[in-house]
Amino acid sequence: MKKVLAIALALAMIFSLAACGGGGSAKNEKKVINYANGSQPEVLDPISSNYAKTSIVMYNIFTGLTHINADGVAELAYADSYTVSDDGLVYTFHIREDAKWSDGSDLNAKDWENGFEFHMRPENAARSYDLKKYVKNAEAYYLGECTWEEVGFHATDDYTLEITLQDPCTYFLDLCCTYIPYKTEKMEGNPDWSKNPETYITNGPFRVTKIVDQQGFYTEKNPYYYNAENVKIDEVNFIWIDDEAVELASYKNGDINVSDNLSKEADETFKSTSEYHAAEKIGCGYLTCNTEHIEKEVRQAMAYALDRETLIDLLGLAYEPATGLVPFGIHWNGKQWRDVANEKDGGPLVTYDVEKAKQILADAGYPNGEGLPTYTYICKNTETAKAQAVQNMFAQVGIDIKIDTYESSVYWDVYDTEDWDIGDDGWTGDYDDPSTNLFLWEEYREVNADGTLKDARWANDIAKQYDALMKSTYPETDNEVRMETMREAEQLIISDMPVIPTFFYTDTFLVKPEITGVVKCYIGHVFFEYADIVQK
């Protein structure tokens with residue numbers, strides 16, 4: 001009760017700061033969206049974070065060479081034209097000549113180069129550098145193995161940006177949404193640049209006005225945005241609420257008008273209304289196993305012991321049981337990749353089968369789990385119910401786990417240690433290709449800067465075979481060959497089970513009836529650039 005009261009008081013203070021509220025119905029009243037998506041992310045800058053909650057903020061205050069349009073498809077944005085070399089390796093973009101930063105200063109191609117170089121500096125230890133591996137020598141620069149001049153990302157003049165790829169990439173325009181500029185003069189030597197609106201200079205449809213720790217991240221329409229004349233919303237306020245019940249109550253009473261962190265009660269209350277929206281999302285939840293602590297047969301038994309359908313029902317989630325690591329929403333020559341792979345594989349790669357789980361343990365010398373240690377399962381404190389359900393399912397086959405929960409702000413610090421056996425995790429992809437999920441377990445993802453293994457600590461012979469298969473798809477231009485190779489790679493990783501798939505994500509969210517044009521695309525990001533508030 002005390003916690004709910006404290007949160008309610010905090011919300012009252014938040015919404016007193018959010019001028020004019022969210023209705024936007026009175027004449028000349030500002031059109032304001034108060035958006036809630038759970039607790040405050042650990043960090044709120046695009047360099048130190050690769051978390052979805054941070055990314056949602058970033059995509060509304062930054063815009064790349066391309067961006068996601070109102071139909072959820074990538075199109076040109078700050079680049080108004082481009083050409084591609086015959087070999088598919090060199091993309092030349094022309095930057096809009098009237099481009100401006102959110103402070104009104106000129107924005108040009110050199111800002112894109114400076115931003116990319118800053119992001120890739122080894123000393124900045126960017127967590128969200130994964131997509132940069134497509135650019136020639138970018139990963140080598142990140143690892144300190146080459147000079148900047150050797151990297152394929154350079155402005156040839158004020159309005160021309162030339163990007164040379166490591167290998168051809170048929171979905172490169174999708175990736176260009178992530179290539180955003182930074183006003184590096186505000187960032188150099190200033191580790192707190194993203195905590196102050198005066199230094200948090202951006203180029204998206206909205207710009208930062210106020211940052212209140214543990215309360216909200218406040219933005220207003222950016223008058224210097226290249227497409228500002230078509231942005232209808234005056235303010236978007238990202239409100240942090242770490243209690244689903246409070247978020248639902250805040251939505252019901254109108255304090256927030258877009259809710260993106262739905263409880264089971266919210267789902268049941270609004271599912272049959274026009275305010276309830278569901279969107280396909282190319283994400284997969286999974287349990288990461290520390291392979292140095294849990295042997296292969298035990299990992300396999302865990303995978304078969306998971307009743308994913310029951311887990312979904314217990315938690316009230318609008319998800320699908322994960323039958324592999326590549327989710328629905330990713331395509332194979334126009335068909336759902338998952339459907340094609342399941343058909344070729346003769347069925348799902350992962351199923352629920354308690355008897356099979358028991359048999360695997362018995363064959364491995366652990367009948368009914370005898371002789372196994374108690375494993376440590378770590379998760380965020382918001383995932384306790386899920387962890388307890390998993391604990392009960394594992395117990396049915398004789399596998400005992402103890403649950404350690406952490407605040408979201410420290411969870412990933414614990415995850416980067418050796419002090420756990422099973423970690424709750426998941427990933428939402430960035431483009432329509434199975435590599436957006438499968439690349440996660442390639443060798444380069446498994447080594448920290450100091451040379452120690454991270455994540456699943458997966459570095460056996462099967463991991464090396466997996467890595468070789470994935471890397472063979474980089475230069476491959478025959479899409480059918482690429483798809484078959486990645487299907488083989490997925491089979492390989494599932495056979496060794498360093499990670500145990502749980503859910504394929506579906507995004508559900510609530511939007512008040514007076515709000516139109518809120519876009520949630522297949523990568524789970526919410527865009528307010530196309531939204532409006534209309535009088536009913």
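If only one of Ala362, Ala341 is open to solvent by 30 Å² or more (accessible area, probe 1.4 Å), among the small types (Gly, Ala, Ser) and either within 21 Å of Ala278 (Cβ to Cβ) or in a helix (DSSP H, G or I) (or both), which one is it? Steps first, please.
Working: Ala341 fails: open to solvent by 30 Å² or more (accessible area, probe 1.4 Å).
Selected residue: Ala362, the only one of Ala362, Ala341 that is open to solvent by 30 Å² or more (accessible area, probe 1.4 Å), among the small types (Gly, Ala, Ser) and either within 21 Å of Ala278 (Cβ to Cβ) or in a helix (DSSP H, G or I) (or both).
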Next item on the list: For residues that are aliphatic (A, V, I, L, M) and over 21 Å from Ala322 (Cα atoms), scanning just the range 361-394, find the one that is farthest from the chain's Cα centre (by Cα).
Entry: Ala362
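Out of all the residues in the range 211-227, which are out of contact with any strand residue (DSSP E or B) (no Cβ under 7 Å at 6 or more places or on another chain) and either open to solvent by 60 Å² or more (accessible area, probe 1.4 Å) or free of Cβ contacts under 8 Å to residues at least 40 places away in the same chain (or both)? Let's see the steps before the verdict.
Looking only at the range 211-227, we keep the residues that are out of contact with any strand residue (DSSP E or B) (no Cβ under 7 Å at 6 or more places or on another chain), and these are 212-215, 223, 225-227.
Hits for the range 211-227 are Asp213, Gln214, Pro223.
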Item checked: Residues of the range 134-168 satisfying the condition of being acidic (Asp, Glu) and modelled with pLDDT under 95 -> Glu139, Glu145, Asp167
Next item on the list: Output yes when any residue across the range 463-475 is of a type in the set (Val, Ile, Thr), modelled with pLDDT of 95 or more and either open to solvent by 10 Å² or more (accessible area, probe 1.4 Å) or assigned to a loop (DSSP other than H, G, I, E, B) (or both), and no when none is.
Entry: no
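Name the residue, out of Glu145, Glu150, Glu162, that is touching a His at 6+ places or on another chain (Cβ under 8 Å) and not hydroxyl-bearing (Ser, Thr, Tyr).
Details: Glu145 fails: touching a His at 6+ places or on another chain (Cβ under 8 Å); Glu150 fails: touching a His at 6+ places or on another chain (Cβ under 8 Å).
The unique qualifying residue is Glu162.
Can you find a residue that is open to solvent by 50 Å² or more (accessible area, probe 1.4 Å), of a type outside the set (Asp, Glu) and either within 27 Å of Ser39 (Cα to Cα) or assigned to a helix (DSSP H, G or I) (or both) anywhere in the range 348-358? Even if it seems obvious, please write down each step before you answer.
Kept after step one, since they are open to solvent by 50 Å² or more (accessible area, probe 1.4 Å), are these residues of the range 348-358: 348, 351-353, 355-356, 358.
Adding the requirement that they be of a type outside the set (Asp, Glu) leaves 348, 351-352, 356, 358.
The next check asks that each one be either within 27 Å of Ser39 (Cα to Cα) or assigned to a helix (DSSP H, G or I) (or both); those that pass are 356, 358.
Within the range 348-358 (the criterion being open to solvent by 50 Å² or more (accessible area, probe 1.4 Å), of a type outside the set (Asp, Glu) and either within 27 Å of Ser39 (Cα to Cα) or assigned to a helix (DSSP H, G or I) (or both)), the answer is yes, since at least one residue qualifies.
Quick check on the range 24-50: of everything there that is open to solvent by less than 30 Å² (accessible area, probe 1.4 Å) and farther than 16 Å from Gly216 by Cβ, which residue is modelled with the lowest pLDDT? Outline the logic, then answer.
First, the residues of the range 24-50 that are open to solvent by less than 30 Å² (accessible area, probe 1.4 Å): 24, 32-39, 41, 44-47, 49.
Cutting the leftovers down to farther than 16 Å from Gly216 by Cβ gives us 24, 45-47, 49.
Details: Gly24: 47, Asp45: 87, Pro46: 85, Ile47: 84, Ser49: 72.
If we take residues in the range 24-50 being open to solvent by less than 30 Å² (accessible area, probe 1.4 Å) and farther than 16 Å from Gly216 by Cβ, then Gly24 is modelled with the lowest pLDDT.
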Note to self: Could you check the range 478-532 and list, in sequence order, the residues that are over 30 Å from Gln391 (Cα atoms), of a type in the set (Ser, Thr, Tyr) and assigned to a strand (DSSP E or B)?
What the structure shows: Thr516
Item checked: Which listed residue, of Gly426, Gly451, is modelled with pLDDT under 95 and exposed (fewer than 13 other Cβ atoms within 10 Å of the Cβ) -> Gly451
Check: Within the bounds of the range 295-307, is there any residue that is touching a helix residue (DSSP H, G or I) at 6+ places or on another chain (Cβ under 9 Å) and polar (S, T, N, Q)?
Finding: yes
Next item on the list: Out of the residues in the range 279-335 that are over 22 Å from Asn392 (Cβ atoms) and charged (D, E, K, R), state the one that is surrounded by the most Cβ atoms within 10 Å (Cβ to Cβ).
Entry: Lys281
Notebook entry, point to check: All but one of (1) part of a loop (DSSP other than H, G, I, E, B); (2) open to solvent by 30 Å² or more (accessible area, probe 1.4 Å); (3) among the polar types (S, T, N, Q) hold for Ser102; which doesn't?
Noted result: (2)
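Could you please let me know if Thr63 is at pLDDT 95 or above, surrounded by 20 or more Cβ atoms within 10 Å (Cβ to Cβ) and out of contact with any Ser or Thr (no Cβ under 7 Å at 6 or more places or on another chain)?
Values: at pLDDT 95 or above: yes; surrounded by 20 or more Cβ atoms within 10 Å (Cβ to Cβ): yes; out of contact with any Ser or Thr (no Cβ under 7 Å at 6 or more places or on another chain): yes.
Spelling it out, Thr63 is indeed at pLDDT 95 or above, surrounded by 20 or more Cβ atoms within 10 Å (Cβ to Cβ) and out of contact with any Ser or Thr (no Cβ under 7 Å at 6 or more places or on another chain).
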Note to self: Under 6 Å between Cβ atoms, which residue pairs at least 6 apart in sequence (or on different chains) link something in the range 184-205 that is over 20 Å from Glu235 (Cβ atoms) and charged (D, E, K, R) with a partner that is in a loop (DSSP other than H, G, I, E, B) and at pLDDT 95 or above?
What the structure shows: Lys186/Thr199; Lys186/Ile201
Next item on the list: Confirm whether Pro197 is surrounded by fewer than 19 Cβ atoms within 10 Å (Cβ to Cβ) and under 18 Å from Asn60 (Cα atoms).
Entry: yes
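Which is within 30 Å of Ile241 (Cα to Cα), surrounded by fewer than 15 Cβ atoms within 10 Å (Cβ to Cβ), of a type in the set (Gly, Ala, Ser) and in contact (Cβ under 8 Å) with a residue 24 or more places away in the chain, of Ala389, Ala385? First the steps, then the outcome.
Numbers: Ala389 fails: surrounded by fewer than 15 Cβ atoms within 10 Å (Cβ to Cβ).
From the options Ala389, Ala385, the qualifying one is Ala385.
Tell me whether the range 237-255 contains one or more residues that are of a type in the set (Val, Ile, Thr), within 28 Å of Tyr179 (Cβ to Cβ) and buried (at least 23 other Cβ atoms within 10 Å of the Cβ). Give the derivation first.
Going through the range 237-255, the residues of a type in the set (Val, Ile, Thr) turn out to be 239, 241, 246.
In the following step, the residues that additionally are within 28 Å of Tyr179 (Cβ to Cβ) were identified as none.
No: zero hits.
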Next item on the list: Give the residues of the range 257-300 that are touching a residue at least 12 places away in the same chain (Cβ under 8 Å), closer than 29 Å to Gln336 by Cβ, over 21 Å from the mean Cα position of the chain (by Cα) and not in a strand (DSSP E or B), sorted by residue number.
Entry: Lys264, Ala266, Asp267, Glu268, Phe270, Ser274, Glu275, Arg299, Gln300
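Would you mind stating whether Gln535 is surrounded by fewer than 21 Cβ atoms within 10 Å (Cβ to Cβ), in contact (Cβ under 8 Å) with a residue 40 or more places away in the chain and part of a helix (DSSP H, G or I)? Even if it seems obvious, please write down each step before you answer.
Working: surrounded by fewer than 21 Cβ atoms within 10 Å (Cβ to Cβ): yes; in contact (Cβ under 8 Å) with a residue 40 or more places away in the chain: yes; part of a helix (DSSP H, G or I): no.
Judged against the criteria, Gln535 is not a match.
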Notebook entry, point to check: Identify, please: which residue in the range 502-516 is over 14 Å from Ala279 (Cα atoms) and in contact (Cβ under 8 Å) with a residue 40 or more places away in the chain and is, among those, surrounded by the fewest Cβ atoms within 10 Å (Cβ to Cβ)?
Noted result: Pro513
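The values are calculated or read from the model by the stated rules, or taken from the named source; none is laboratory data. Just so it is clear, the structure is predicted and the values come from calculations on it, not from any experiment. Every residue, glycine as well, gets a Cβ built from its backbone with ideal geometry; the counts of neighbours run over all protein chains shown. Surface accessibility is based on the protein's heavy atoms, side chains included, excluding ligands, DNA and RNA. Shrake-Rupley method; radii C 1.70, N 1.55, O 1.52, S 1.80 Å.
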